[in-house]
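> What follows is a structure written as structure tokens; I'll ask about it next.
Only the coordinates and a few stated rules stand behind these numbers; no lab work does. This one's a predicted model, so the numbers in the text were calculated from it and none came from an experiment. Cβ placement follows ideal geometry from the backbone for every residue including glycine, while neighbour counts extend to all protein chains displayed.
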Amino acid sequence: MAGRRRRGDVVTAEVMEQCKYLFGHAWYPYDAEARDGGWMEVVMCERCGSVRRTPIDRNGTTHGRQYQYADGYRDAGSTYSDRADARAAFYASTTHDELTARRKRRAG
Ligand SMILES: [Zn+2]
């Protein structure tokens with residue numbers, strides 16, 4: 001995958017499984033706007049494209065969060081019985097080259 005996801009990109013079951021059962025979302029700053037004396041922070045997951053909106057007051061305190069999940073995310077089941085099973089299957093089926101490809105691209 002080159003670069004960050006954009007809304008509308010196809011999100012595979014494999015990617016959703018990584019966010020939901022293995023790593024959690026990979027948030028990055030996407031947008032922000034001044035609101036009610038504070039801000040509305042908007043971050044997006046670079047893997048699945050889900051969006052999280054967080055109201056922040058002038059002191060930096062957060063006040064609840066709203067999530068807009070990628071299509072199919074909520075219903076995405078896991079083929080694994082639990083997170084330990086998912087982790088074991090992921091690392092058993094992924095080569096070292098696959099795991100380090102992104103790091104090597106960055107270094108190159
Ligand atoms: Zn995600």
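> Go through the range 53-88 and report how many residues are under 20 Å from the mean Cα position of the chain (by Cα), surrounded by 13 or more Cβ atoms within 10 Å (Cβ to Cβ), away from the ligand (no atom under 16 Å from the Cβ) and of a type outside the set (Ser, Thr, Tyr).
2
> While we're on this one: Quickly run through the range 29-52 and pick out the residues that are surrounded by fewer than 17 Cβ atoms within 10 Å (Cβ to Cβ) and basic (Lys, Arg).
35
> Considering only residues of the range 31-51 that are outside any strand (DSSP E or B) and either over 18 Å from residue 67 (Cβ atoms) or among the aliphatic types (A, V, I, L, M) (or both), which is farthest from the ligand (Cβ to nearest atom)?
Restricting attention to the range 31-51, the residues satisfying the condition of being outside any strand (DSSP E or B) are 36-37, 46-50.
Retained after the next criterion (residues that are either over 18 Å from residue 67 (Cβ atoms) or among the aliphatic types (A, V, I, L, M) (or both)): 36-37.
On the way: 36: 28, 37: 30 Å.
Once the filter is applied, the top-ranked residue is 37.
> Tell me which residues, restricted to the range 13-30, are touching a strand residue (DSSP E or B) at 6+ places or on another chain (Cβ under 9 Å), within 12 Å of the ligand (Cβ to nearest atom) and not in a loop (DSSP other than H, G, I, E, B).
Listed by number, the residues that qualify are 19, 27, 28.
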